[in-house]
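Asker: This structure is in structure tokens; I'll ask about it shortly.
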Ligand SMILES: Cc1ncc(COP(=O)(O)O)c(C=O)c1O
């Protein structure tokens, strides 16, 4: 018996593959501050649990494959209140934003086709593309330029005739960059010129700082070209609930994507009922408090990382991530080392090496991502340990190597 080349060629999650080293550190009695994974640490809104109680029927049936109509109606109202004109019929409820990404990729590209991606990118795009035998075609964003959308010339260099779509997340995981109107317009114009789809992953659109406004791809013209993706995971601290949304005005795409939706029957019913609770009864303060909390943490992390000599990074404007170029030679080796050989009074830190967020071989070796999903006090300690670790790695460990 043989396993498929597809699975054998799929990379392990770059975020999870170093977890055994963290487990070893914990077994050895160390405390590990986890800045490596985007796992929100706050309580979800009560409205979610109340929604489950109030709206769950007595029989846990398969819902419509596009999700409960009431839920699509509720999302439609929610989007309209944000200036995004989706009718319930334009939406498919998915099992997390992850399924929405898989559906979108599978619907626009055949095996051996290519999808352009702004890198560094959400690492699981690579796993999904590998699962579908689609090649990612990376366009590199520069940390010195705040990881903004590369120029038209750069986009042009990355394009070839096999490209069927361009995908990016806005705000970006892993950089926290929020794209401007001009940057998004460049993508829209480029996609139009090349006649390709735009897959806009907006799962962090509710987490934007400094009073800035998020611009959705759906605010541009040429809507048939756009596939919009969303999720309740991050904005409502409900990542285990597995509810996402795929939205498009492209009727042909919708009709076809429903074949995938029907073959997996339906998204989870109980969690759809919880989501109804979120959309009908959410306490308005919840999101404001969430944004303030993440913005404070962003400031704490930003101010602490400034103390790391040689670190190159920008203040992120959204999501809860920051990508940082550090004065180190190999981020993966650095992360292993912080878990196996380094600690300060029995405490160490785990960050994510950025190599797995790139498709370009060898890229990201000096970069890491931190997720600020710890309270401010712990975050401050963790960033300070990171600073000491960079110093020790360069001036003690590297000299011993
Ligand atoms: C950019 C981005 N898109 C999609 C997802 C998947 O989200 P979900 O938990 O809804 O599957 C994530 C999760 O971290 C993400 O960061």
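Asker: Please work out which residue is farthest from residue 314 (Cα to Cα), limiting yourself to the range 137-156 and to residues that are modelled with pLDDT of 95 or more and in a helix (DSSP H, G or I).
Answerer: Among them, the one singled out is 156.
Asker: Do any residues in the range 173-195 that are within 18 Å of residue 229 (Cα to Cα) have Cβ atoms under 7 Å from those of residues that are away from the ligand (no atom under 13 Å from the Cβ) and part of a helix (DSSP H, G or I), where the two are at least six apart or on different chains, and which pairs are they?
Answerer: 174/354; 184/217; 191/225
Asker: Given the range 164-253, what strands (runs of 3 or more DSSP E) lie entirely inside it while holding 3 or more residues that are within 16 Å of the ligand (Cβ to nearest atom) and surrounded by fewer than 24 Cβ atoms within 10 Å (Cβ to Cβ)?
Answerer: On the way: elements: 197-201, 226-231, 244-247.
Hits in the range 164-253: none.
Asker: When the residues of the range 125-136 are filtered to those that are in a helix (DSSP H, G or I) and out of contact with any strand residue (DSSP E or B) (no Cβ under 7 Å at 6 or more places or on another chain), which remaining residue is farthest from the ligand (Cβ to nearest atom)?
Answerer: In the first step, residues of the range 125-136 are kept if they are in a helix (DSSP H, G or I); the result is 125-131.
Within this subset, residues satisfying the condition of being out of contact with any strand residue (DSSP E or B) (no Cβ under 7 Å at 6 or more places or on another chain) are 127-128, 130-131.
Details: 127: 11, 128: 10, 130: 16, 131: 14 Å.
The qualifying residue farthest from the ligand (Cβ to nearest atom) is 130.
Asker: Also, I was wondering about something else. Anything in the range 254-278 that is within 16 Å of the ligand (Cβ to nearest atom) and buried (at least 21 other Cβ atoms within 10 Å of the Cβ)? List them, or say none.
Answerer: 261, 267, 271, 272, 274, 275, 278
Asker: Something else: Of everything in the range 109-124, what is part of a strand (DSSP E or B) and in contact (Cβ under 8 Å) with a residue 60 or more places away in the chain? Give them in sequence order. First the steps, then the outcome.
Answerer: Going residue by residue through the range 109-124, those that are part of a strand (DSSP E or B) are 114-119.
115, 116, 117, 119 - these are the residues of the range 109-124 that are part of a strand (DSSP E or B) and in contact (Cβ under 8 Å) with a residue 60 or more places away in the chain.
Asker: Might you let me know whether the range 89-108 holds any residue that is part of a loop (DSSP other than H, G, I, E, B), more than 20 Å from residue 39 (Cα to Cα) and not assigned by TED's automatic domain parsing to the domain that holds residue 361? Walk me through how you get there before you give the answer.
Answerer: Taking the range 89-108 and keeping what is part of a loop (DSSP other than H, G, I, E, B), we get 95.
Those still in the list that are more than 20 Å from residue 39 (Cα to Cα) too: none.
No, the range 89-108 contains no residue that is part of a loop (DSSP other than H, G, I, E, B), more than 20 Å from residue 39 (Cα to Cα) and not assigned by TED's automatic domain parsing to the domain that holds residue 361.
Asker: Based on this model, can you work out whether residue 146 counts as at positive phi and surrounded by fewer than 21 Cβ atoms within 10 Å (Cβ to Cβ)?
Answerer: It is true that residue 146 is at positive phi and surrounded by fewer than 21 Cβ atoms within 10 Å (Cβ to Cβ).
Asker: Assuming residue 60 fulfils every condition listed in (1) out of contact with any strand residue (DSSP E or B) (no Cβ under 7 Å at 6 or more places or on another chain); (2) crowded, with 21+ Cβ neighbours inside 10 Å; (3) not in a helix (DSSP H, G or I) apart from one, which condition is it?
Answerer: (2)
The values are calculated or read from the model by the stated rules, or taken from the named source; none is laboratory data. Quick caveat, the model's predicted, so the values are computed rather than measured. Don't worry about glycine lacking a Cβ; one is built from the backbone with ideal geometry, like all the others, and counts go over all protein chains shown.
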